[in-house]
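First up is the structure itself, then whatever we jot down about it.
The values are calculated or read from the model by the stated rules, or taken from the named source; none is laboratory data. No experiment lies behind these values; they were computed from the predicted model shown. Heads up, the Cβs are rebuilt from the backbone with ideal geometry, glycines too, and the neighbour counts pull from every protein chain shown.
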Amino acid sequence: MKALNKLLFAGGASAALSVSSIAAAVADVPGFVERGEAWTHTASSCAVNPGDSDKAAFTGPDLTFRPEAYSAGIEVTPILGGTQFGPIWQPIVAYCNVLNPLDADPAAQTPSWDALIVGYLDPDGVGINTNVVARLIRVRRNDGVASTVATFDSNKFNTRAHGEQLALFSEPMDFRHNEYFVELELIRTPLAGHSNPVVYSVRLVDVNFTPK
């Protein structure tokens, strides 16, 4: 946990965290309406995993690969006579610490978030040579156990231009007993050529999602 904390709070003074309290408004993601307080973060304000610093690049709000850098591939060894499906590509990873924007007693006021919204570019859409993944992760304070609350995967959307998409979740936020962070992963295989995935923003907000 000490190592994780160092990653989450790296570059504290330079982090560009913004908090907004807004009335109901049409979301940038078609079909949804955003309500209440939102946590927002630019991807370039997140802390890159030190092992990926030689491949990651920041440009304005963007987190992306350096022009000459690609994901490393790890060959899969067949198990029990299985078939080898090719390499597993290693992403570059960054971590964004999540704070309670209500800045009050978390026992009384907790954001009613139900959507993880990601601003990104995946040049090959549902293809496998570029990919952006974002995960909202909860860390229990009493034992440090981490679990995933929501996962966004750009390969589920056939969008090849800059824009936003979201992943919905139903687990209530609980800042009284947990810490939260967003993990960003980008993959760029050598077959991507000059194409380069980008993530430029991430936010948590209420879009009035009602689970069935």
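Of the residues in segment 74-84, none is on the phi < 0 side of the Ramachandran plot, modelled with pLDDT under 55, of a type in the set (A, V, I, L, M, F, W, C) and surrounded by 13 or more Cβ atoms within 10 Å (Cβ to Cβ). Total residues in segment 135-145 satisfying the condition of being out of contact with any Asp or Glu (no Cβ under 7 Å at 6 or more places or on another chain) and either assigned to a loop (DSSP other than H, G, I, E, B) or surrounded by 16 or more Cβ atoms within 10 Å (Cβ to Cβ) (or both): the figure is 6. Scanning segment 171-182 finds one or more residues that are under 12 Å from the mean Cα position of the chain (by Cα), part of a strand (DSSP E or B) and closer than 19 Å to Ala56 by Cα.
Summed over segment 85-114, residues that are β-branched (Val, Ile, Thr), at pLDDT below 95 and assigned to a strand (DSSP E or B) total 1.
Of all residues in segment 16-35, none are part of a strand (DSSP E or B), at pLDDT 90 or above and under 21 Å from Leu186 (Cβ atoms). His177: modelled with pLDDT under 95 and surrounded by fewer than 14 Cβ atoms within 10 Å (Cβ to Cβ), yes or no? Against the criterion (modelled with pLDDT under 95 and surrounded by fewer than 14 Cβ atoms within 10 Å (Cβ to Cβ)), His177 qualifies. Residues of segment 115-130 that are surrounded by 24 or more Cβ atoms within 10 Å (Cβ to Cβ) and not in a strand (DSSP E or B): Asp122 alone. In segment 131-149, of all residues being hydrophobic (A, V, I, L, M, F, W, C) and farther than 30 Å from Thr159 by Cα, the one that is farthest from the chain's Cα centre (by Cα) corresponds to Val145.
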